[in-house]
Amino acid sequence: MSKQDMRTPLAKILHLGSAKSGTEDHVIQRATALAIAPLSVFAIVSVVALIGADYETARAYVGHPLISILLIALISAFVLHMRIGVKITIEDYVHSEGLKHYSLLANSFFSYGIGLACIYAALKIGFGS
């Protein structure tokens with residue numbers, strides 16, 4: 001018994017699903033999950049190591065270039081992972097095209113806004129100003 005493929009010929013050639021970006025989103029979602037796993041362990045270990053430290057010690061730790069880079073990598077992976085996850089949820093469960101369009105737009109603005117604010121904070125601490 002063969003499975004019937006309901007995709008258009010163009011979609012078959014371009015390897016696109018119904019949402020036109022399912023494979024790409026799936027790959028990026030998995031890649032960010034792989035990046036988040038070790039970076040989260042780093043973040044948890046860092047927070048535990050800083051328990052009881054004063055403000056200046058914590059600021060100096062976060063201001064170290066390697067630590068700042070790892071924090072920015074974690075923030076970037078989290079934001080991209082979050083944006084794609086919410087995008088997929090909106091595409092699957094919002095059926096009104098207008099509402100879907102504005103929801104996807106709001107999702108992108110919110111995700112990138114949060115990401116920029118977090119990266120700005122990490123850079124501000126990292127550069128010590």
Order of Leu99, Leu74 under a 10 Å beta carbon neighbour criterion, fewest first: Leu99, Leu74
Structure-derived percent of Cα pairs over 26 Å apart - corresponding label in (i) 58; (ii) 33; (iii) 41: (iii)
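With charges set only on the Cβ (+1 for Lys and Arg, -1 for Asp and Glu), what does the dipole of the chain come to about its Cα centre, in debye to the nearest 20?
Details: 10 positive and 8 negative charges, 59 e Å.
Using Cβ point charges on Lys, Arg, Asp and Glu, the chain gives about 280 debye.
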Inter-label distance, nm, simple model (7 Å from Cα along the C-beta direction), Ala53/Leu104: 4.3
Calculated FRET efficiency for the pair Asp92/Ile72, C-beta based, R₀ 30 Å, to 0.05: 0.45
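Let me have the relative contact order for the chain, percent, based on Cα pairs under 8 Å that are six or more residues apart. The partial results should precede the final answer.
Working: 70 pairs, mean separation 37.6, N = 129.
It comes to 29 percent, rounded to a whole number.
Given a Förster radius of 25 Å and the C-beta distance between Val45 and Tyr112 as r, what FRET efficiency does 1/(1 + (r/R0)^6) yield to the nearest 0.05?
Computed FRET efficiency for Val45 and Tyr112: 0.35.
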Using a Förster distance of 30 Å, the FRET efficiency for Val62-Val27 (Cβ separation, nearest 0.05): 0.45
Theoretical ellipticity at 222 nm over the chain - DSSP helices of four or more residues, -39500 (n - 2.57) apiece, nearest 500: -27500 deg cm²/dmol
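Any read-out appearing in this document is the output of simple, stated calculations on the displayed coordinates, not a laboratory observation. None of the values given here were measured: they were computed from a predicted structure. Note that we place each Cβ from the backbone using ideal geometry, even for glycine, and neighbour counts take in every protein chain shown.
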